[in-house]
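A short worksheet on the structure shown next.
No lab work stands behind these numbers, since they all come straight from the coordinates. This is a predicted model, so every value here is computed, not measured. Glycine gets a Cβ as well: all are built from the backbone with ideal geometry, and neighbour counts include every protein chain shown.
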Amino acid sequence: MLKSSLDFLRCVRCGSKLESDIFKTSKEIDEGILQCKKCNLEFPILEKIPVLWDDFSKYLESRKILGGKLYKSTSSPTLKKFIKKSLLKKSKINNDRTTLEERWTKIYENSKNSKFYHLMKNNLNAIPSSKFVLEHGCSIGIMTSFLADKHDMVFGIDRSFSALKQAKKSSKENLDYFVADSISSPFGKLQFDLVLALNLLELIEPLELLKHISKQISKGFFVISDPYDFDRGVNSVKNTLDESTLRTNLQNFGFKINSKTKRPSFLPWNLKINPRATLNYKVDFVIGKK
């Protein structure tokens, strides 16, 4: 975690400024704990990645394997005790997400040269350089790393520790990543000039996400894409969107749709699942501006 990021992070529950207890540093903060004195919440920094989850034990509840790995990799006795205490809490979830998230990290890494990202980069080049940029669901940092070459400060958030660990391998002085829930902002009332949310609407309730992101932009750009693949069984979102309702809702939240993206698009996004299988999507893409 960049030391400069401490100026921007806030408690995900109450929005208060966080205090830091740092145990290990290099060029970045390698290990430590961020504390909210108002809520008495603690957020660990592990392998240079802050886990800004409302309840760390609940985060590990569905990631027990990850918790064990983090316990072994951590050198600080205080953090080891913190992780162990979180792991010992009774789990209500039987399905561990660690292996699944590690698998998808590899899939995104193998698919980073997909034409989809090339098309995204071409469109983003037309957006002026800005002070603060945020990507929701940044995964392994394909787009965040690209944006850091043009914009002043770029942040990426994702639920997958595995994906962010891969993203951190491409370190830049103006780029940082955080494990966080997109609906529970770790940035308080900070306003962004550019926000990305690529292919997330199946994973987070769409209207909640749009409403939240709208509050993060008072004057700036919002770039969103999605294949509208909402059939996820028990994990499906309750309220889906299509090409038309996405644009209507963006306009209702105060965004003016870029003329080039007023009509639905079908950008190819090919994910290499394994050497014998590829998942092929046709993705819609919208640029909104306030």
(Q) Taking the beta-carbon count within 10 Å as an exposure proxy, list H151, H212, H118 from fewest neighbours to most. (A) H118, H212, H151
Q: With an 8 Å cut-off on Cα pairs and a minimum separation of 6 or more residues, tell me the relative contact order of the chain in percent.
A: 15
Q: Quote the charge dipole size of the chain about the Cα centre in Debye, to the nearest 20; the model charges only the Cβ of Lys and Arg (+1) and of Asp and Glu (-1).
A: 260
Q: Considering the options S265, G220, L209, tell which one lies farthest towards the positive end of the dipole of the chain, charges being +1 on Lys and Arg and -1 on Asp and Glu at the Cβ, about the Cα centre.
A: L209
Q.
Can you show me the helix-derived [θ] at 222 nm for the chain, built from DSSP H runs with n ≥ 4 at -39,500 (n - 2.57) apiece and divided by the number of residues, rounded to the nearest 500.
A. -8500 deg cm²/dmol
Q) So which of K168/K256; K17/K172; K27/K121 end up more than 27 Å apart, counting from Cα to Cα? A) K168/K256; K27/K121
Q: Please report S57, S76 as a ranked list, fewest other C-beta atoms within 10 angstrom at the top and most at the bottom.
A: S57, S76
